[in-house]
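> First, the structure itself, so that you have it in front of you.
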Amino acid sequence: MDIEALRKLVTRHDASSLLETLDIYTGVRTVLKEFDEVIEAPNWTRDGRRLVYNSQGGMYAFELATGEVTRIDTGFAMDCNNDHVLSPDNTQLAISHFTNEDAASRIYVLPLSGGTPVLVTEQGPSYLHGWSPDGQRLAYCAERGGQYDIYTIGVHGGPETRLTDTPGLDDGPEYSPDGRSIWFNSTRSGLMQLWRMDADGAHPTHMVQEDANGWFPHVSPDGQWVAYVAYGKDDVAPGDHPPDKWVELRLVPASGGISRTLVKLFGGQGTLNVNSWAPDSRTLAFVSYERMG
């Protein structure tokens, strides 16, 4: 697939988007803004003032106090997808961008204030999900030789380190706040389920075992909770996370245990692909969708 065909595939115009927040304790759900276009994957800045999201290949910042939307200058990277994260000090933005040459996603880093992206992963496809708390490494899902696994790499590039090699799809890697663990989702047990391993890939542990397909575990800043998206087991194939599905946002203690449903919504892909916790570890930002026409 070339870049023009990919743009037609991923640039959706058939739905409007609701940027929302949810209080995990009271259940209060607040709509911040409605968009006529599809937006995806809000990252909450550490100062609690902004949400950074992607839309139509670009990156944007939403000011919570005013509702103002500002486009972030990403230079040549005009085909960003919903796999992006902020550096721990919030001075940099790491993005996954479909390169023009082969339409494969690769990871780049640029100033959060805007600027020219610097290539991190030479190989594609690579889909970013985590930034280590010490600021030194990025964690991502990548396809190499027909197999999708979890990798890490230095922020400035260099050799990548493969952390998983079990048959099946491994995706969504994210560091715990103390940097000792990486959470991820995997089909290795059949359904897509939530797992945790040491930061070097050792001791993978099946953390959430339930009759659903769970995607994209996000650890709260205080390290107490993990939020994720759950699809019904009969609604999707285990390795698929499409849009336009009824899904649940679920919460589970980071120590393990039984999950609980926070909210049911129409969404899926784009709803909660990246860490969307507020700094207070009480509020989540997410996107729900409404079909147009």
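The values are calculated or read from the model by the stated rules, or taken from the named source; none is laboratory data. Owing to the predicted nature of the structure, the values given are computational and were not obtained by experimental measurement. All Cβ positions, even for glycine, are placed from backbone atoms using ideal geometry, and neighbour counts span all protein chains on display. Quick note on the areas: whole protein, heavy atoms, side chains included, nothing else; ligands and nucleic acids left out. Shrake-Rupley method; radii C 1.70, N 1.55, O 1.52, S 1.80 Å.
> Which of the lysines could a cross-linker span from Lys233 if the Cα-Cα distance has to be under 28 Å and same-chain partners fewer than 8 positions apart are dropped?
Straight-distance partners of Lys233: Lys245, Lys264.
> Further question: By the scheme Lys and Arg +1, Asp and Glu -1, what is the net charge of all other residues having a beta-carbon under 12 Å from that of Thr261? Please report the intermediate quantities before stating the final value.
Values: positive: Arg250, Arg260, Lys264; negative: Glu210, Glu248.
Every neighbour counted, the sum reads +1.
> Follow-up question, since we're still on this one. Kindly provide the helix-only [θ] at 222 nm of the chain, computed as the sum of -39,500 (n - 2.57) over DSSP H runs of four or more divided by all residues, to the nearest 500 deg cm²/dmol?
-500 deg cm²/dmol
> Could you tally the net charge around Asn81, taking each other residue with its Cβ under 12 Å from the Cβ of Asn81, Lys/Arg +1 and Asp/Glu -1? List each step's numbers first, then the result.
On the way: positive: Arg7, Arg106; negative: Glu40, Asp79, Asp83.
Summing Lys/Arg as +1 and Asp/Glu as -1 gives -1.
> DSSP loop (so not H, G, I, E, B), at most 16 other Cβ within 10 Å: list which GluC sites (Glu not before Pro) in the range 197-293 pass both filters.
Of the GluC sites (Glu not before Pro), the ones in loops of the range 197-293 whose Cβ has at most 16 other Cβ atoms within 10 Å are Glu210.
> Here is a further query. Calculate, in nm to one decimal, what Asp178 and Arg7 gain on full extension: separation in residues at 0.36 nm each, minus their alpha carbon distance.
Here the segment from Asp178 to Arg7 would lengthen by 57.8 nm.
> Can you list the GluC sites (Glu not before Pro) in the range 71-152 that are in a DSSP coil and have 15 or fewer other beta carbons within 10 angstrom?
When the GluC sites (Glu not before Pro) of the range 71-152 are filtered for loop state and at most 15 Cβ neighbours within 10 Å, Glu101, Glu122 remain.
> With unit charges on the beta carbons (Lys and Arg positive, Asp and Glu negative) and the dipole taken about the Cα centre of the chain, which residue among Ala237, Thr205, Gly135 sits farthest to the positive side?
Positive-end residue among those listed: Thr205.
> Just to verify a number: FRET efficiency for Gln147 and Asp23, C-beta to C-beta distance, R0 = 45 Å, to 0.05? Could you put the intermediate results ahead of the total?
Working: r = 40 Å, r/R0 = 0.89.
Calculated value: 0.70.
> Would you work out the relative contact order for the range 227-293, in percent, from Cα pairs under 8 angstrom that are 6 or more residues apart?
Relative contact order of the range 227-293: 27 percent.
> I would also like to ask the following. Each label point is 7 Å from the Cα along the Cα-to-Cβ direction; what then is the distance between the points at Thr30 and Glu210, in nm?
Taking the simple label geometry, Thr30 and Glu210 are separated by 2.5 nm.
> Report the net charge of residues surrounding Met1, where surrounding means a beta-carbon distance below 13 angstrom and charges are Lys +1, Arg +1, Asp -1, Glu -1.
On the way: positive: Arg7, Lys8; negative: Asp2, Glu4, Asp79, Glu101, Asp102.
So the surrounding residues net to -3.
> So what is the accessible area of the range 16-90 per residue, in Å², with the probe set to 1.4 Å?
On a per-residue basis, 41 Å².
> In addition: At what distance in angstrom do the alpha carbon centres of the range 209-243 and the range 3-34 lie from each other?
The distance from the Cα centre of the range 209-243 to that of the range 3-34 comes to 17 Å.
> If you count only protein heavy atoms and use a 1.4 Å probe, how large is the accessible surface of Thr70, to the nearest 10 Å²?
Roll a 1.4 Å probe over it and Thr70 shows about 60 Å².
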